[in-house]
Amino acid sequence: MEWDQGMRLGKGSFGEVFMAIPKNTKISDMKMAVKISSEDRAESLSVEHQILLKFLGTPGIIQCLDGGPSKKRTYYLLLEYASEGSLSDLISKYGEEEGTGIPENHVRVYTRMILQALSSIHSLGYVHCDIKPRNILAFPGSPAAEHGNRGDEKIRKLKVADFGLAVETWKLIQGRGNKNRGTPRYVPPEVLVDGIVTPAMDIWALGCTVLEMLTGEIPWTRLHDIEDVLMEVRDGCRPEFPGWLSESGKDFLIKCFAKDYHRRPNADSLLRHPFVSGGFQRTKVIEQVQQKQRLPGAAGFPLLPHEFCERYRTGLQV
């Protein structure tokens, strides 16, 4: 497919992303994005291209329209354009407009979308290795009522993107070489300590992503030094939960953050969890109570951080 390069949309370690305009006048209204590698990242983008080709037509995963070597020894990926930005942008929008995270009822729907994508990824033998809001793209969606929610607000359609760190598990050599795989605030203890990468890595990162949607804050937000974050994770801690979170939400996150990765449920199992499979209607009273508890100065956490961590280490009920 022939295309012209448009305005720049963003930049990352791989290179840059631009709007792409089809030269074919019959599809000139079609919006696309093109990911162009820096010269030293061309091979990485080529690998991502081969992975995306295996997920053509798979719901919940960004679709690759074309790709290949470009001029100046670089590589390009032509992708569908996410007009609503990323999940990270959506979280920021709620923070700016409402002063909170995304409403829990909506988070349930978004979590289900991400889990469905992870189920597809894992069933083909891949681990994404970098699940986080910035790597989940948002597209125009449908009214909240279609998802069992009240109100006129729309629920965006989410798709998992950025497979630059994805690996096939059967090709992976477990060990120290994997300790730097992923984004530190979203990486589970088994990766940091032993370099063990399995689909359970994505489930831990999903838990971090769900917390970020709910609270509007990045995981371990009270720890500014990344080394402190890594120390907490290595010591067997998990991020703190907001006190207003529903019981099904807490149970879902407890399962995502199981210290033993063998005990972390897989995506298919979590799709049957009440947090994402149950009805999403809430009474107005519950919504008002939770909204008040989200306000600045409210008691957001049931335990002090050191108490929470200590109880988690010793296996006590939190």
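The values are calculated or read from the model by the stated rules, or taken from the named source; none is laboratory data. What you are looking at is a predicted structure, and each value in this text was computed from that prediction instead of being measured. Neighbour counts are summed over all protein chains in view; Cβ atoms, including those assigned to glycine, are modelled from backbone coordinates with ideal geometry.
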Quiz item: Of these, Leu192, Leu158, Leu223, Leu165, which one is hydrophobic (A, V, I, L, M, F, W, C) and at pLDDT 95 or above?
Solution: Leu158
Quiz item: Which of the strands (runs of 3 or more DSSP E) contained wholly in the range 1-113 include at least 2 residues that are in contact (Cβ under 8 Å) with a residue 12 or more places away in the chain, surrounded by 19 or more Cβ atoms within 10 Å (Cβ to Cβ) and of a type outside the set (A, V, I, L, M, F, W, C)?
Solution: 32-37, 75-80
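Is it true that Leu192 is within 11 Å of Ile131 (Cβ to Cβ) and either touching a His at 6+ places or on another chain (Cβ under 6 Å) or assigned to a helix (DSSP H, G or I) (or both)?
Working: within 11 Å of Ile131 (Cβ to Cβ): no; either touching a His at 6+ places or on another chain (Cβ under 6 Å) or assigned to a helix (DSSP H, G or I) (or both): yes.
Answer is no for this residue.
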Quiz item: How many of the residues making up the range 114-137 are out of contact with any Lys or Arg (no Cβ under 9 Å at 6 or more places or on another chain), of a type in the set (A, V, I, L, M, F, W, C) and assigned to a helix (DSSP H, G or I)?
Solution: 4
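Pick from Gly10, Gly67, Gly60: which is in contact with a helix residue (DSSP H, G or I) (Cβ under 6 Å, 6 or more places away or on another chain) and within 28 Å of Arg112 (Cβ to Cβ)? Quick ask: steps written out before the conclusion?
Working: Gly10 fails: in contact with a helix residue (DSSP H, G or I) (Cβ under 6 Å, 6 or more places away or on another chain); Gly67 fails: within 28 Å of Arg112 (Cβ to Cβ).
One residue alone meets the criteria, Gly60.
Restricting attention to the range 195-232, which residues are β-branched (Val, Ile, Thr) and part of a helix (DSSP H, G or I)?
In the first step, residues of the range 195-232 are kept if they are β-branched (Val, Ile, Thr); the result is 196-198, 203, 209-210, 215, 218, 221, 226, 229.
Listed by number, the residues that qualify are Ile203, Thr209, Val210, Thr215, Ile226, Val229.
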Practice problem: Name every residue in the range 91-118 that is at pLDDT 95 or above and touching a Pro at 6+ places or on another chain (Cβ under 8 Å), in order of residue number. | Solution: Ile91, Gln116, Ala117, Leu118
Quiz item: List, please: which pairs have Cβ atoms under 7 Å, are six or more places apart or on different chains, and start with a residue in the range 236-256 that is under 16 Å from Thr209 (Cα atoms) and assigned by TED's automatic domain parsing to the domain that holds His106 and end with one that is among the small types (Gly, Ala, Ser) and assigned to a helix (DSSP H, G or I)?
Solution: Leu253/Gly207; Cys256/Gly207
